[in-house]
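The values are calculated or read from the model by the stated rules, or taken from the named source; none is laboratory data. All of these numbers come straight from a predicted model, not from anything done at the bench. When we count neighbours, we look across all protein chains shown, and the Cβ atoms used for this are built from the backbone with ideal geometry, even at glycine. Note: accessible area is taken over every heavy atom of the protein model, side chains too, but ligands, DNA and RNA are not part of it. Shrake-Rupley method; radii C 1.70, N 1.55, O 1.52, S 1.80 Å.
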Amino acid sequence: MYFLFTIIKQTTRNFLLTWSSQIFTLLTVGLSVLIFSFFYLVYTNVIDGAQQLGDDLRLTVYLDEQPGKELQEEYRYKIKKFDRVDKIVFVSSKVAYDRFAEQLGDDKDILNDMPQDFLPPAIEVYPIKTLDTLVRIKQFSDYLQTLPGVLKVQYGREWVERFYSFIQLLRIIVILSGSLLILTTTFTVAHTIRLTILGRKKELELLRLLGASSTYIRLPFFLEGALQGLLGSASGIGALYLLYNWMKLRLAGTTMVNLFSFSFFEPPIILAIIILSTVLCASGSFSSTRKFLHI
Amino acid sequence: MQQRIKKPKVMIDLIKVSKMYPPKVEALADISITVNKGEILFLTGMSGAGKTSLLRLLCRREKPTKGFVEVAGEDLSKLSSRKIQKMRQNIGIAHQDFKLLPNRTVAQNIAISMEVSYKTPVHIRRRTKKLLSQLGLSNKINTLAGELSRGEQQRVTIARAVANEPELILADEPTGNLDSETTGLVMDLFNECNQKGATIVIATHDESIYKNTSHRIIELSQGYMVKSDDAVWPILSGIDPSQEEHPESIGH
């Protein structure tokens, strides 16, 4: 117990000794966590949004003639062989005609002179609603095009491709901001710990002469780093939460908000970000003590 | 029937120890000294005689160029860093240059030696107060060490050295900045520690503290041991220390 008391006392001393650097470190860690978690939050929400939009995503495969029962089964088999799908619906020319008429509403009279089988029969393929599906949809479309009797495959190609590029960009930003987080936390904390070590040089020399154990000398620095990570990341996440609520209020009622349902991180993700930052800062501190603290 | 002679346990054993500093400064030459547990030893000599170098070897701040240094039966050159740390917790050192932390209070400077061995806060507070009272510094408990006079700083250093109740106390010129009255307080404190079993090595050129002493005196000059007034010490004379009431009475 006294061991813990003494170590905490030493850690507090370290904090007070270089308080200006400590504040700077906390701000840096907090800001890095804020930047990373902001983009990560956008990324996760966009992925969720993509899944919502994916509800309407389907590939329409136009056929040259109405397939019989056997051919339908063959189509089903070949489609499922390529990828998992939510459902496959065969639409006959008659059903396509009826749908079209329904879409036209009061103007359906214009179809009066048209034969009821003028629209080609089609297969509607509803992919599983995941981001991977969006990524692979072009491949899927190309595959469907190769099936016998297929005239044309249609899907929101332009939208999907743009969306995919956007997701890729977001991924890169998340990776970059994650790298920034790793670099800033590790190096800033290592630098602050180095300052603390230099500031306590005389004391550390004295502690060695008094027989202080390696744990007694090193542990407070390690704790200092971990504490910087804990407080910095907690404040970064706190700031993001405030920003999130502020944006939600500001954007309330806009098309964007109506289209997607934005949500904040689940508690396990918050915990993971805080633990990760704490571990990173502690490792920065550890590397600094290994380099500059010779016992 | 012949009386069985008990050998007192040895605290310090220096065997043919030499210490050279670059380029070719011989600080100590061929020194052999044995100090028993509970003994007070005065190391005397002019400045540059090698007193501080010898004390530095005893706490493993430095290694000898030649010879062996044993403390409490352990060869210091073979000790692991963990064992050195443990050993140093049992050695109280009053440094000649004080080694106080100027931006810490007197109490904090003394407490630090007890904190490293995880003493309880209550014990640390009590011990600090007691020592400061013994050394006439009760009113300075919350004063920053940097604001003290040299004499006061010296007493704080001594208080820190004895605070952890170490088995071995090494004092380097402990009375160099003190008047006769405070010198008396310091020597009383050392005697009290010695009566509780501590072995004390005092490096000094202050003749007043060893002039009428009953303890052993070793004089160094330019790294050589020129005079060892140890003829009556039990290990050499064969006196059984268990017959003695307390270590202070051993000797002349």
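Descriptive notes on the structure:
- Chain A: angle of helix A:267-292 to the longest principal axis, Cα-based, in degrees nearest 10: 40 degrees
- Taking every DSSP beta bridge that has both ends in the protein assembly as shown, the antiparallel portion is near 65%.
- Net lengthening on full extension, B:Glu192/B:Ser32 (0.36 nm per residue, minus Cα-Cα): 54.8 nm
- Under a 5 Å amide H cut-off, with hydrogens placed 1.01 Å from N, B:Gln222 pairs with B:Ala49 among residues at least 5 apart or on other chains.
- The calculated pair-distance distribution of the protein assembly as shown uses every alpha carbon pair, bins of 20 angstrom beginning at 0, and gives 17, 31, 19, 14, 12, 7, 1, 0 percent.
- Vicinal HN-Hα couplings computed from phi for the range A:41-46 (Karplus, 6.51 cos²θ - 1.76 cosθ + 1.60; Hz; Gly/Pro x): 5, 4, 4, 5, 5, 5
- Taken residue by residue and averaged, Cβ atoms of other chains lying within 10 Å of the Cβ of B:109-120 number 5.
- Listed peptides B:152-164, A:199-211, A:216-228 appear in the order B:152-164, A:216-228, A:199-211 once ranked by packing, highest mean of other Cβ atoms within 10 Å at the front.
- For the segment B:93-102, counting C-beta atoms of other chains within 10 Å of every residue's C-beta and taking the mean gives 2.
- Relative contact order for the range A:58-155: 51 percent, from Cα pairs under 8 Å spaced at least 6 residues apart, divided by residue count.
- A simple packing score, the average count of other Cβ atoms within 10 Å per residue, orders the peptides A:136-147, A:104-115 as A:136-147, A:104-115, with the highest score first.
- Spin-label pair A:Leu16/A:Ile172, simplified geometry with 7 Å Cα→Cβ offset, distance in nm: 5.0 nm
- On the basis of the beta-carbon distance and an R0 of 51 Å, A:Gln139 and B:Arg126 show a calculated FRET efficiency of 0.05.
- In sequence order, calculated HN-Hα J values of the range A:193-200 (Karplus, 6.51, -1.76, 1.60; Hz; x Gly/Pro): 5, 4, 4, 4, 4, 5, x, 10
- Label point distance in nm, A:Val42-A:Val89, each placed 7 Å from Cα along Cα→Cβ: 3.6 nm
- Counting 0.36 nm for each residue step from A:Glu65 to A:Ile23 and taking away their Cα separation leaves a gain of 7.8 nm.
- Accessible surface comparison of A:Trp159, A:Trp246, probe 1.4 Å, protein chains only, largest first: the order is A:Trp246, A:Trp159.
- If you model chain B as an ellipsoid using its alpha carbon gyration tensor, with each semi-axis the square root of five times an eigenvalue, the axes come out at 29, 22, 19 Å, biggest first.
- FRET efficiency, B:Glu74 to A:His294 (Cβ-Cβ, R0 30 Å, nearest 0.05): 0.85
- Charge dipole of chain A about the Cα centre (unit charges at C-beta), most positive-ward option of A:Ser283, A:Gln145, A:Asn45: A:Ser283
- Between B:Met46 and B:Asn212, the modelled label-to-label distance comes to 2.9 nm, taking each label 7 Å out from Cα in the direction of the beta carbon.
- Fully extended contour minus Cα-Cα distance, from A:Ile8 to A:Arg99, at 0.36 nm per residue: 25.4 nm
- Built amide H within the under 5 Å cut-off of B:Glu165, gap 5+: none
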